[in-house]
Amino acid sequence: MGNSQSSSTDPRFASAAREFTRKELENLRSLFASLAAQSRSNGKYISLDVFKAYIGIDGPLGLRVFDLVTQRRGDQKLTFEDLVIAKGTYEKGTKEDIEEFIYHIADISSNGEVSRSDLEVVVSSILANLFKKIDHGFETETPLEIIEAFMNAASFTNDSLSMEEFQRWCTLIPASRKYLSSLLMPYDSGSHVPRLQYVDNINRSHVLLREEYAWHIGGALSTNEHLEWKLQYHSLVHGQSFNTFLGNMQNDGPTVFIIKDSEGCIYGGYASQPWERHSDFYGDMRSFLFQLYPKTSIFRPTGANHNLQWCAVNFSSDSIPNGIGFGGRVNHFGLFVSANFDKGHTFPCVTFGSPCLSKNNQINPQVIECWRVMQPKADQSKSEALKGTVLERFKEERSMLNLVGIANSNEEFKGKSMASIDKLAEQFERENRGTQLSVPAANSSAVQC
């Protein structure tokens, strides 16, 4: 098998080889043999063209990866030792090793730093690879304005990015980090982009969620959460109605909520929990806010507070504004849309470490859409089993009693506080279901942004 069987005096090869099990090394030898055969090199090396086909990247980015893997020899020959050393660093190395390798990949011009033009090549190459489209027999490209939106998330210093600045960009666009860290894997674009299901009577040009944006948002989710998304509500199809929105979203699990406002800005939030009536913040740490245009960024929870998700319906108190939102505090949300769906606001908030998502704090939504994150059947069955429990029905009744002001006058609960009723509900649930439930305590007063 040529070089694949020969011993090497390169200490990096010996060190990298020790990171793999015997079976893994055998698999690498088989991979090398297959690619070397395609290269017609008599089993000695992998050619540039075969390597680029294997990783699914052409152009300057593919050439840059090949140059790094072949240790910049310039001989256009990728040996078995090269493959083991690269995969040992790229897949088995420390976090610092991997981050440095990714930064060098993005340094297309090979001058020691990632320039603006380097980053543009990286973004263009990724999007071209993932979203090659054929229109009337001609291949079309991702619009320049979409490429610029990804570029706008970067904070350049003298038109270049230090490693720390580049890592910050990868944090704001985690899909890029995932992509660049999987380049030595076999090419499979389907593992990167959610499959989008549309409603029948919608013009695709009216849909806010482009495939490029879905890839961006999906980068912050687990594999199971970005397999397939279904459009459940679109204001141009279903009308700009809060009640219709809630009806379409009922018990639908995680969702992707997107707004285009009167300024032309596009942004939104990932809601990890269903949109259900609450008088306080709820949700969990999987929720996040995002920007799509004119800048793409994702803002995950910082842990500063648990004011993650908001859904208030038919409350009469100013302290419980009706509408849906994310983060911040009451009347000063990271993102909020009123129940009329005609106005809202967005403020910087510590919940997600996010800035104002639009050009102005006060917003006027022009288009609102929401996508259901389809769950694998096993996960969906588990979720269905948890719905409609005795505890949930008990608390729902309690909420209704409280709403009309008779909760504490009801004979069964007379003299008992709401906290006591919660405990009775939990006890009743355990006795009737035989299941120990863990119900999170209500949030304390919101932390200011």
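The values are calculated or read from the model by the stated rules, or taken from the named source; none is laboratory data. Because the structure is predicted, anything quoted here is derived from the model rather than measured. Glycine gets a Cβ as well: all are built from the backbone with ideal geometry, and neighbour counts include every protein chain shown. Note: areas computed on protein heavy atoms with side chains; ligands, DNA, RNA excluded. Shrake-Rupley method; radii C 1.70, N 1.55, O 1.52, S 1.80 Å.
Y233 passes every criterion in (1) under 25 Å from Y282 (Cβ atoms); (2) without any contact (Cβ under 8 Å) to a residue 60 or more places away in the chain apart from (2).
Count of region 218-244 residues, restricted to those that are in a helix (DSSP H, G or I), more than 22 Å from Y293 (Cβ to Cβ) and of a type outside the set (V, I, T), is 5.
Among the residues examined, W215 does not qualify as in a loop (DSSP other than H, G, I, E, B), of a type in the set (F, W, Y) and open to solvent by less than 50 Å² (accessible area, probe 1.4 Å). Condition first: farther than 12 Å from W371 by Cβ and of a type in the set (K, R). Now tell me which residues in region 211-262 satisfy that. Scanning region 211-262 gives a single hit, K260. Go over the candidates F290, F352, F347 one by one and state the one that is of a type in the set (F, W, Y), at pLDDT 95 or above and in a strand (DSSP E or B). It is F290. In region 309-326 there is at least one residue that is buried (at least 16 other Cβ atoms within 10 Å of the Cβ), in contact with a Leu (Cβ under 7 Å, 6 or more places away or on another chain) and under 16 Å from Y267 (Cβ atoms). Against the numbered list (1) of a type in the set (S, T, Y); (2) outside any strand (DSSP E or B); (3) touching a Phe, Trp or Tyr at 6+ places or on another chain (Cβ under 9 Å); (4) farther than 30 Å from G93 by Cα, Y179 comes up short only at (4). Which of the residues belonging to region 149-164 are assigned to a helix (DSSP H, G or I) and either open to solvent by 60 Å² or more (accessible area, probe 1.4 Å) or under 15 Å from E96 (Cα atoms) (or both)? Of everything in region 149-164, those that are assigned to a helix (DSSP H, G or I) and either open to solvent by 60 Å² or more (accessible area, probe 1.4 Å) or under 15 Å from E96 (Cα atoms) (or both) turn out to be M163, E164.
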